[in-house]
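Read through the structure below, which is laid out as structure tokens, and then see the notes.
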Amino acid sequence: MTILIQQPDLLGAEVEANTAPINERELVLDGGFEIPQTNSFGHMFRAYNDGESERQEGVENLYRKNHTYQSVDFVKKMREMYSKLNRVEMSIWECCELLNEVVDESDPDLDEPQIEHLLQTAEAIRSDYPNEDWLHLTGLIHDLGKVLNLPGFGGLPQWAVVGDTFPVGCRFDESVVHHKYFKENPDYNNPAYNTKYGIYSEKCGLNNVMMSWGHDDYMYMVAKENNTTLPSAALFIIRYHSFYALHREGAYEHLMNDEDVENLKWLQIFSKYDLYSKSKVRIDVERVKPYYLSLIQKYFPAKLNW
């Protein structure tokens with residue numbers, strides 16, 4: 001099946017770099033996974049200011065739209081629209097297959113179909129954490145919400161589906177990649193939304209915080225409302241794996257409650273596999289498929305509402 005993805009408009013303009021170099025201390029994992037020094041294009045990971053990267057212009061233009069339009073009103077509208085889960089009924093594996101030809105235009109590190117990334121992440125985790133089957137499955141399904149690009153799921157543009165996520169309803173932290181473009185967001189100068197806490201309170205819990213809309217929140221919604229038996233840490237990973245300002249930069253920690261703090265430990269483990277397992281090395285789908293089908297059966301109903 002070919003998936004037609006609406007591309008972001010090329011808005012031009014060059015922006016100042018807004019990314020941090022890799023912290024070498026973060027390159028230590030508990031298992032034997034070897035972290036590459038460069039991505040599949042030969043550049044540093046998450047190098048949003050790398051002028052030599054052929055994907056740089058498209059990635060930056062996507063973030064310009066994302067930061068301009070992801071407002072409180074937009075997120076409320078998307079949540080209401082997609083909370084009905086009335087678009088299609090299908091299994092987890094059927095959804096995996098829909099991603100065969102989806103390429104994430106916000107990702108400077110990989111241009112392979114998303115199903116390749118899902119399997120690379122899951123298999124890398126499985127190798128180092130063989131007894132945590134819930135984490136293997138989380139690796140497989142964490143990006144399934146990218147089906148939002150499909151016409152049958154609303155055909156949302158990529159700026160409303162992929163990319164780093166961040167809270168709306170409070171000040172946009174400067175650690176968010178391409179922060180400069182938030183100045184065009186209608187919430188940027190709104191006194192109700194542009195303070196440290198905005199509409200939230202200290203330690204209110206991330207579950208009470210509205211995140212920018214995208215595949216993370218959608219897949220969390222699908223899993224939760226279809227009564228998955230995955231642990232809370234898995235749901236936390238699904239919902240916040242693109243929240244790099246939190247799990248990489250330490251921003252927004254003032255909004256976290258005690259449960260968030262505990263779940264963040266698993267997300268930080270997961271994130272290293274999510275990011276650094278991206279490569280041109282293909283996984284033999286038919287070889288690993290039976291294992292993941294058994295996990296899907298263990299943690300999900302046969303068919304889900306999407």
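Filtering Thr68, Thr138 for residues that are open to solvent by 10 Å² or more (accessible area, probe 1.4 Å), within 30 Å of Ser175 (Cβ to Cβ) and modelled with pLDDT of 95 or more leaves a single hit, Thr68. Of all residues in segment 259-273, none are outside any helix (DSSP H, G or I) and of a type in the set (S, T, N, Q).
Do we find that Asp173 is in contact with a Ser or Thr (Cβ under 7 Å, 6 or more places away or on another chain), open to solvent by 10 Å² or more (accessible area, probe 1.4 Å) and acidic (Asp, Glu) in this structure? Criteria not met by Asp173.
Against the definition (in a helix (DSSP H, G or I), open to solvent by 10 Å² or more (accessible area, probe 1.4 Å) and under 15 Å from Ser71 (Cβ atoms)), how does Trp159 come out, yes or no? Yes: the conditions hold for Trp159.
The set of residues in segment 274-290 that are surrounded by 13 or more Cβ atoms within 10 Å (Cβ to Cβ) and outside any helix (DSSP H, G or I) comprises Ser277, Lys278, Ser279, Ile283.
Residue by residue, here is whether (1) polar (S, T, N, Q); (2) touching a Gly at 6+ places or on another chain (Cβ under 8 Å); (3) farther than 30 Å from Tyr273 by Cβ holds:
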residue: Ile141; (1), (2), (3): no, no, no
residue: Thr195; (1), (2), (3): yes, no, yes
residue: Glu202; (1), (2), (3): no, no, yes
residue: Met210; (1), (2), (3): no, yes, no
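Reported count of residues in segment 76-90, each being open to solvent by 20 Å² or more (accessible area, probe 1.4 Å), touching a residue at least 60 places away in the same chain (Cβ under 8 Å) and not aliphatic (A, V, I, L, M), is 6. What do you reckon, is Leu255 under 18 Å from Val176 (Cα atoms) and either in contact (Cβ under 8 Å) with a residue 40 or more places away in the chain or among the polar types (S, T, N, Q) (or both)? For Leu255, the condition - under 18 Å from Val176 (Cα atoms) and either in contact (Cβ under 8 Å) with a residue 40 or more places away in the chain or among the polar types (S, T, N, Q) (or both) - is met. For segment 44-59, filtered to residues that are open to solvent by less than 20 Å² (accessible area, probe 1.4 Å) and in contact with a His (Cβ under 7 Å, 6 or more places away or on another chain), the residue that is modelled with the lowest pLDDT is Tyr48.
The values are calculated or read from the model by the stated rules, or taken from the named source; none is laboratory data. Just so it is clear, the model here is predicted, and its values are computed rather than measured. All Cβ positions, glycine included, derive from the backbone under ideal geometry; neighbour counts span all protein chains shown. Heavy atoms of the whole protein, side chains included, go into the accessibility calculation; ligands, DNA and RNA do not. Shrake-Rupley method; radii C 1.70, N 1.55, O 1.52, S 1.80 Å.
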